[in-house]
Amino acid sequence: MKEELNILIQAQYPLIYLLTSEEERSEQAIATIAQFKPQRRVFIWTVTHGIIEHGQPRSLTQHNTVSPEAAIEWVVRQRDPGIYIFKDLHPFIDSPATTRWLRDAIASFKGTQKNIILMSPVQQVPIELEKEVVVVDYPLPDMTELDEVLSFQLEQIRARRTTTDAREKLLKAALGLTRDEAQKVYRKALVTAGRLTESEVEIVLSEKKQLIRRNGILEYIEVDETIDSIGGLEELKRWLQQRSNAFTERAREYGLPQPKGMLILGVPGCGKSLIAKTTSRLWGLPLIRLDMGRVYDGSMVGRSEQNLRNALKTAESISPAILFIDEMDKAFAGSTGSSDSDGGTSSRIFGSFLTWMQEKTSPVFVMATANRVERLPGEFLRKGRFDEIFFVDLPNAEERQEIFKIHLLKRRTDIERFDIEQLANVCDGFSGAEIEQGIVAAMYEAFAQDREFTQLDIIAACRATLPLSKTMTEQVTALRDWARQRARPAASSVAEYQRLEF
Ligand SMILES: Nc1ncnc2c1ncn2[C@@H]1O[C@H](COP(=O)(O)OP(=O)(O)OP(=O)(O)O)[C@@H](O)[C@H]1O
Ligand SMILES: [Mg+2]
């Protein structure tokens, strides 16, 4: 990353927009680059102090440079090679005068060794400048940089050398954090345990989870259930099982591409979310949920995009990982027809997301689920975007038996007393969730009468239920018709799946 920034500076890019929330860290990186030949002086502008040279005390501020225009004018007057960092200029950048001053400054930089770097956590570039500015997203620290942080902490306590193994685990555990956050987390582990060894990895991880939760958009999900707690969906399970080692070094050496992601479409309550979650255990990768609803933030132009970018950046730095986007159709509802309703924000967000999916090289597997295809923009469903689009249908009789078994076994050990075949037949047209509810309802009934629940209780409960496939026949049929042509059935085989009709 320093490399990219270095190249841009050396190559005389006059205006660089550096997106980052880590001012100190990026300032340090720029100061290091400035040491390379030709050496440059580094100046920093803030609206509170005006221009001060990097490393100089605040009292040495350049006279009369607090206003953005005066500051840019001052920069234009300088003769020596220099890097001029403007921190948080974005609230002023929309003013016609500031924009004009910036354009004039850039024009005057030709043949000089001067660059302006706009450093800000939000991307806000006026149209007039779009052609002249290059936007750089400063990434979170990688293992090498975290190693510096860790080494520093270890020196503090004069720790004996850690094993390479422990070190690597401690570093991996902090991926996804900013430099400051990593430092805090290591320090906290040190204070809590009095040392930093392999046993402290857990502390680092749980601290990281809290920090990530605090940003409100990403969430770590802990999964207890395994893929065996899902009935049916054999084809989908097989697909997933086949890829359990897809993110290993061995798979790369073999020449396999990294899986990009999958979309699971289907009837509500048939296990879409459940299977997405259990994949995390199957593959041994962390599961991070991206809450699209929380990405939207109308408080400021560009804020939603920034939220999305930050979240994706964090996900990438934790990778290999599974990025779980549940009920994607709800998030992108605005980007198909009614995009005017939110000023086009959802289509912009959607566009950024697609671009990211297209260009990402880090091993982040996107697992998205949706119920309503008509709400998803067409670009999304195009072949090649996801590795596969699966359709999860209502379970057939055999699958319903499996689901009954799974849910009865979760609650009782003596399930021989149930005639599962009969139960499955009674529940024709039921989803997995509805079957589970049937069992729970039967248990409540019996519990209220202070007795054990029986076959008859379940039958009664199911008869009293009107399944979604009956109340929403039209939607379910439409979804099936759509999926029949464009998605791969998650159940055992195409023949099997086509036999399924109400
Ligand atoms: N095939 C299945 N096997 C076992 N349990 C199932 C199955 N399908 C659904 N269930 C039960 O129903 C619950 C709800 O399912 P889940 O949330 O995965 O459905 P969904 O397809 O994501 O529905 P929605 O579209 O409403 O989000 C699960 O937690 C599980 O207990
Ligand atoms: Mg769901």
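Structure above, values below:
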quantity: Inter-site label distance for residue 130 and residue 158 at 7 Å from Cα along Cβ, in nm; calculated: 6.1
quantity: Helix 179-193 vs. the chain, principal-axis angle (Cα, 0 to 90°, nearest 10); calculated: 60
quantity: 0 to 90° range, to nearest 10: angle between helix 473-486 axis and the chain longest Cα axis; calculated: 60
quantity: Mean separation of Cα contacts under 8 Å, 6 or more apart, over the residue count of the stretch 424-473: relative contact order %; calculated: 46
quantity: Lys, Arg +1 and Asp, Glu -1 on Cβ, resulting dipole of the stretch 143-214 about Cα centre, debye, nearest 20; calculated: 240
quantity: Percent RCO, i.e. relative contact order, over the chain, from Cα pairs under 8 Å lying at least 6 residues apart; calculated: 13
quantity: Rg(Cα)/(2.2 N^0.38 Å) for the stretch 143-214, N = residue count; calculated: 0.96
quantity: FRET efficiency estimate (nearest 0.05) - Cβ-Cβ, residue 248 to residue 210, R0 25 angstrom; calculated: 0.30
quantity: Residue among 149, 166, 199 farthest towards the positive dipole end of the stretch 143-214, charges placed on Cβ; calculated: 199
quantity: Directionally averaged projected area (convex hull, Cα atoms, the stretch 374-494), nm²; calculated: 9.1
quantity: Residue order for 482, 74 - accessible surface, 1.4 angstrom probe, largest first; calculated: 482, 74
quantity: Cα centre as origin, Lys/Arg/Asp/Glu Cβ charges: the chain dipole, Debye; calculated: 1380
quantity: Per-selection metrics, the stretch 247-392 (Cα): Rg and Dmax in Å; calculated: 15.2, 48
quantity: 457, 224, ranked by accessible area, largest first (probe 1.4 Å); calculated: 224, 457
quantity: Part-to-part distance (alpha-carbon centres) for the stretch 1-68 and the stretch 406-443, which is given in Å; calculated: 66
quantity: Cross-link pairs 114/184; 209/237; 208/272 - those with Cα-Cα distance over 31 Å; calculated: 114/184
quantity: Accessible surface ranking that places the most exposed of 253, 73 first, with a 1.4 angstrom probe; calculated: 253, 73
quantity: Ratio Rg/Rh, restricted to the stretch 1-100 and using Cα atoms, in which Rh is the Kirkwood radius; calculated: 0.94
quantity: Test item: Cα-centred dipole of the stretch 348-502, Lys/Arg +1 and Asp/Glu -1 on Cβ, debye; calculated: 780
quantity: Degrees, to the nearest 10: 303-318 long Cα axis against longest axis of the chain; calculated: 80
quantity: Enclosed volume per residue, in Å³, of the convex hull spanned by Cα atoms of the stretch 70-129; calculated: 78
quantity: Over the stretch 25-174: Rg over Rh, Cα atoms, Kirkwood Rh; calculated: 1.08
quantity: Where only C-alpha atoms are counted, convex hull volume of the chain per residue in Å³; calculated: 206
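The values are calculated or read from the model by the stated rules, or taken from the named source; none is laboratory data. Computed from a prediction, not measured in an experiment: that's the story for all the values here. Glycine also receives a Cβ, built like all others from the backbone with ideal geometry; neighbour counts cover every protein chain displayed. To get the accessible areas, we keep the full protein, side chains included, count just its heavy atoms, and leave off ligands, DNA and RNA. Shrake-Rupley method; radii C 1.70, N 1.55, O 1.52, S 1.80 Å.
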